[in-house]
Every structure is written in structure tokens, then in C-alpha cells.
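Notes to accompany the following structure.
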Amino acid sequence: MGARTNKEKEEEAEAIKNWDPRYHKNVIIYLWIYGILGAVTGITNDAALSYYKIVAPHLISGLNIFNAAIAILMSLMIATVHKYGYRNILLVLPPMTAIFMVLTCITTNQLIIMIAYTISWTAIGVYDLMYPLMWTSYVPGKIRTKMFSVVMIVNLITQTICTFLGGKAVVWFFSLLQGSSYHAASILSGRPELMQGAGVS
């Protein structure tokens, strides 16, 4: 693909200039939140699953069932977009994600962790499904392809950083729950069979 012509650059600048301020604001809000959720996904995709394997083994053993339930809930939420609007849904999902993600870190009750996992992952998943719909409605056609690239880059950068750091965070949370040192928690998280039943109940 060759460099853009001056005409294309001018058309892009004109599209940005004429961009509806309300739509522009909503897209910027989405980019910020999606970046944060990318960080959350970086943790949940790897480190959190290792953590759940220790504190909620029933969640991991039935992960396919939970993921199916999440898919159904995501579909139901997407179906309500036309009723509640993009912005209202976008503003509700991040605090919902944060609350239930924190809940999985401060309790070792497996039932609570399974419910919190389902709700938090539903909220994260809706964001993944929503931006193509939102971009089609809110982003001018001349810059739509560019903005699709921007939203994915923002999400993947934060996701990569937190995937790299997530393992250490999980061990630290586990050490707090166990009341042990970071070193001891690191050994136990790597070999959960060494833990007594009371340690993960």
C-alpha cells in the first residue's frame, strides 16, 4: 500500500473537523475504557486463570459451561443496545467489571468467584463485540479504518503489558490471602498439590 495522497489527507482532516462532537466524545471515552479493559484481559487471560485453578478449581473444570453462559449473557446485552444506547452501557460495564474482578481476589468462596467471573467476563466481552457496531455508527467513513486500527492497538498494548506483569500480581494476591510471604506463595502457586485442603477452601 502506497503513501496517502494529499487529497486523502485533506479528506481525513475534513472528516475529523466535521465529526459530531457528541460522537467524538463517546469514541474517546470508549478508547480509554477499552484500553483499561485490555489491561484487565491481559490479567484474566493468563494469570487469573492460574489463580482460579488454585482457589476455584470447580470453575476451571467447568470453564466451557461458564463460557457458554457468558456468550448468552453477552448476546442479551448486545440486544439491549438500541434501547439503552451505547453510552449508558459503556459507562455501566467498567465499574461492573472492576467490582466483580476485585471480588474474585478478596474471597476464596468458589460459588462467589464463579458468579463474579461470569459477570466480569460478560462485561469485558460486550466491549469486544460493541466497538464494531459503535465505530460503524459514530466514526466518519473517511477515518473509520484508521480508528479500527487505533482501538485494537490501544487494547493490545495494555493487554500485553498486563499479561507480562499479571503472574507476579497473582502470586502477590495469593500471598495476601494465605498470609504468607511472596516466596512461599510463589512455590505453592507453582505446585498447588502441596497445599492442604484448608488452604484453598
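Looking only at helices (runs of 4 or more DSSP H) that fall completely inside region 69-140, which ones have 2 or more residues that are touching a residue at least 12 places away in the same chain (Cβ under 8 Å) and in contact with a helix residue (DSSP H, G or I) (Cβ under 7 Å, 6 or more places away or on another chain)?
In region 69-140, the matching helices (runs of 4 or more DSSP H) lie at 86-106, 110-138.
Take the residues of region 4-38 that are in a helix (DSSP H, G or I) and aromatic (Phe, Trp, Tyr): which is surrounded by the fewest Cβ atoms within 10 Å (Cβ to Cβ)?
Going through region 4-38, the residues in a helix (DSSP H, G or I) turn out to be 6-17, 21-38.
Pick out the ones that are also aromatic (Phe, Trp, Tyr) and you get 23, 30, 32, 34.
Details: Tyr23: 15, Tyr30: 21, Trp32: 11, Tyr34: 22.
Restricting to residues being in a helix (DSSP H, G or I) and aromatic (Phe, Trp, Tyr), the top hit is Trp32.
If Thr41 satisfies every condition in (1) part of a helix (DSSP H, G or I); (2) modelled with pLDDT of 85 or more but one, which is the exception?
So the condition that Thr41 fails would be (2).
Does Thr97 satisfy the condition of being surrounded by 19 or more Cβ atoms within 10 Å (Cβ to Cβ), of a type in the set (Val, Ile, Thr) and within 12 Å of the chain's Cα centre (by Cα)?
Working: surrounded by 19 or more Cβ atoms within 10 Å (Cβ to Cβ): yes; of a type in the set (Val, Ile, Thr): yes; within 12 Å of the chain's Cα centre (by Cα): yes.
So Thr97 fits the description; yes.
Looking at region 50-59 only, could you name the residues that are in a helix (DSSP H, G or I), out of contact with any Pro (no Cβ under 9 Å at 6 or more places or on another chain) and buried (at least 16 other Cβ atoms within 10 Å of the Cβ)? Full working, then the answer.
As a first pass, look at region 50-59 and keep what is in a helix (DSSP H, G or I): 50-55, 57-59.
Of the ones still in play, those that are also out of contact with any Pro (no Cβ under 9 Å at 6 or more places or on another chain) are 50-52, 55, 58-59.
Answer for region 50-59, where residues must be in a helix (DSSP H, G or I), out of contact with any Pro (no Cβ under 9 Å at 6 or more places or on another chain) and buried (at least 16 other Cβ atoms within 10 Å of the Cβ): Ser50, Tyr51, Tyr52, Val55, Leu59.
Please verify whether region 31-47 includes one or more residues that are touching a residue at least 24 places away in the same chain (Cβ under 8 Å) and more than 19 Å from Leu156 (Cβ to Cβ).
no
Which numbered condition trips up Ile65, out of (1) of a type in the set (A, V, I, L, M); (2) at pLDDT 85 or above; (3) surrounded by 14 or more Cβ atoms within 10 Å (Cβ to Cβ)?
Looking at each condition in turn, Ile65 falls short on (3).
The values are calculated or read from the model by the stated rules, or taken from the named source; none is laboratory data. In this text the structure is predicted, and so the values were computed from the model without any measurement. With ideal geometry, Cβ positions are generated from the backbone for all residues, glycine too; neighbour counts draw on all protein chains shown.
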